[in-house]
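K.L.:
Pasting in a structure now, in structure tokens, and then I'll have a few things to ask.
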Amino acid sequence: AGNDFVSCDIWPAKTRRATELRVWEEPAVDGSYVVAADPAFGREERNNHSAVSVLRCYADGLEQVAEYASPLCPPHHFSWLLLSLCGWYGGTKPGAKVLLICELNGPGEEVWRQYQSSLLLVNRGYLRRAAVEKGIADLYTNARSYIYSRSDSMMQGHNWQWKSTIQNKVQIMEGIRNYLQAGALVVNSMEALEEMRSISRDGDKIGAEGRNRDDRTFALALGVRAWDEKLWRGLISG
């Protein structure tokens, strides 16, 4: 709720069923994280939940530390949630860092535009003074945004964030299956694990069967892709 990012509030849920954001591990000072977001109705009409997974990244795997899912989150509120998670898990100390990856299909592009606008207003715009007073003006020092590169490209890509195609959706979904089977990905959300049971591959298509959804799973898969492509080699070197 609120009219802008600085004045918005996150309220505690009154019941377990009403909980939209779950946190299993709070930010670590020296942690590396991916915030992976799949806005509602981005790829298919039946995927009507906006979902976020926060993954703590290591050299040998990942662990899900937070998850958000809701069918009632408009794009500007969803962008504020992403700012909040990136700021919280990125922190202000040099050791921490966070990488945001967001699906841009459907309303995802508006989420990304709202994210950039809010970040600009907090850093250099008319919300700067209010952000300083609330102590959140420098929360995004360690936040970075994903830049897409094709797997067969010999040069770095120049496109912000992620747009799904039939080919790259198959890749990231197969990728999450690989790391799950290898024990390199720890999923703490029972809802996400239950959702995965309905996902199957049929030729060059992969997704939830029937009227089931794959929002939480897709957000996890995006996070795995970002870790594997952008963070894993650096974590090995470190």
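The values are calculated or read from the model by the stated rules, or taken from the named source; none is laboratory data. Keep in mind that this is a model prediction, so the values were computed, not measured. Glycine gets a Cβ as well: all are built from the backbone with ideal geometry, and neighbour counts include every protein chain shown. When the accessible area is computed, the model is the full protein with side chains, heavy atoms only, and any ligands, DNA or RNA have been set aside. Shrake-Rupley method; radii C 1.70, N 1.55, O 1.52, S 1.80 Å.
K.L.:
Given Cβ point charges of +1 (Lys, Arg) and -1 (Asp, Glu) and nothing else, what value in debye, to the nearest 20, does the dipole of the chain about its Cα centre take? Please list the in-between numbers first.
P.N.:
Values: 28 positive and 29 negative charges, 71 e Å.
Here the size comes out at about 340 debye.
K.L.:
Amide H neighbours of Ser164 under 5 Å, at least 5 residues apart or on other chains, H built in the peptide plane: list them.
P.N.:
Leu104, Asn105
K.L.:
Let me ask something else. Using a probe of 1.4 angstrom, how much of the accessible area of the range 99-166 is carbon and sulfur, in percent? Numbers along the way, then the final one.
P.N.:
Details: 2220 of 4260 Å².
After summing per-atom areas, the C and S share lands at 52 percent.
K.L.:
Let me have the relative contact order for the range 82-204, percent, based on Cα pairs under 8 Å that are six or more residues apart. Show your work: numbers first, answer last.
P.N.:
Working: 112 pairs, mean separation 30.7, N = 123.
That works out to 25 percent.
K.L.:
A further question follows. So which of Lys14/Lys163; Lys134/Lys163; Lys163/Lys205; Lys134/Lys230; Lys97/Lys205 end up more than 26 Å apart by C-alpha?
P.N.:
Numbers: Lys14/Lys163 36 Å; Lys134/Lys163 35 Å; Lys163/Lys205 16 Å; Lys134/Lys230 32 Å; Lys97/Lys205 34 Å.
Checking Cα-Cα distances, Lys14/Lys163; Lys134/Lys163; Lys134/Lys230; Lys97/Lys205 exceed 26 Å.
K.L.:
How do the peptides 190-199, 168-177 rank, highest first, by the average count of neighbouring beta carbon atoms within 10 Å per residue? Don't jump to the answer; show the numbers that get you there.
P.N.:
Values: 190-199: 15.4, 168-177: 17.8.
Ranked by mean Cβ neighbours within 10 Å, highest first: 168-177, 190-199.
K.L.:
Could you calculate the FRET efficiency of Ala130 with Ser153 from 1/(1 + (r/R0)^6), where r is the beta carbon distance between them and R0 is 35 Å, rounded to 0.05?
P.N.:
Numbers: r = 42 Å, r/R0 = 1.19.
Plugging the Cβ-Cβ distance into 1/(1 + (r/R0)^6) gives 0.25.
K.L.:
Explain nothing, just compute: Karplus ³J(HN,Hα) = 6.51 cos²θ - 1.76 cosθ + 1.60, θ = phi - 60°, for every residue of the range 189-195 in order, whole Hz, x for Gly and Pro.
P.N.:
Ordered by residue, 3J(HN,Hα) equals 7, 5, 5, 5, 5, 5, 4 Hz.
K.L.:
What list of ³J(HN,Hα) values in whole Hz, one per residue of the range 180-186 in order, does the Karplus curve 6.51 cos²θ - 1.76 cosθ + 1.60 (θ = phi - 60°) give from phi, with Gly and Pro shown as x?
P.N.:
5, 5, 7, x, 8, 10, 9
K.L.:
Which ³J(HN,Hα) values in Hz, rounded to whole numbers, follow from the phi angles of the range 231-236 under the Karplus curve 6.51 cos²θ - 1.76 cosθ + 1.60, where θ = phi - 60° and Gly and Pro get x?
P.N.:
The phi angles translate into 10, 4, 5, x, 5, 5 Hz.
K.L.:
Just the projected area, averaged over all directions, of the convex hull on the alpha carbon atoms of the range 127-166: how many nm²? Don't jump to the answer; show the numbers that get you there.
P.N.:
Working: hull surface 18.7 nm².
Mean orientational projected area (the range 127-166, Cα hull): 4.7 nm².
K.L.:
Semi-axes, largest first, in whole Å: what does sqrt of 5 times each Cα gyration tensor eigenvalue give for the chain? Kindly include the intermediate steps, with their values, before the conclusion.
P.N.:
On the way: eigenvalues 143, 87, 63 Å².
Semi-axes from the Cα gyration tensor: 27, 21, 18 Å.
K.L.:
Tell me which of Val23, Gly61, Ile166 sits at the most positive position along the dipole axis of the chain, charges placed on C-beta atoms (Lys, Arg +1; Asp, Glu -1).
P.N.:
The Cα lying farthest towards the positive end belongs to Val23.
K.L.:
Counting only DSSP beta bridges with both residues in the chain, what percent are antiparallel, rounded to the nearest 5? Each step should come with its number before you reach the end.
P.N.:
Values: 23 of 35 bridges.
Beta bridges within the chain, antiparallel portion: roughly 65 percent.
K.L.:
Report the relative contact order of the chain, percent, no decimals, based on alpha-carbon pairs under 8 angstrom and at least 6 residues apart. Mind showing how you got there, number by number?
P.N.:
Working: 423 pairs, mean separation 56.1, N = 238.
Relative contact order here is 24 percent.
K.L.:
What shape does the range 74-158 take by its C-alpha gyration tensor, where a ≥ b ≥ c are the square roots of the eigenvalues and a/c under 1.5 counts as rounded, a/b above b/c as prolate, and the rest as oblate?
P.N.:
On the way: a/c = 2.30, a/b = 1.45, b/c = 1.59.
Since a/c reaches 1.5 but b/c is at least a/b, the shape of the range 74-158 is classed as oblate.
K.L.:
Taking springs between alpha-carbon atoms closer than 10 angstrom, which of Asn48, Asn159, Asn188 fluctuates most in the Gaussian network model of the chain?
P.N.:
So, out of Asn48, Asn159, Asn188, the one fluctuating most is Asn159.
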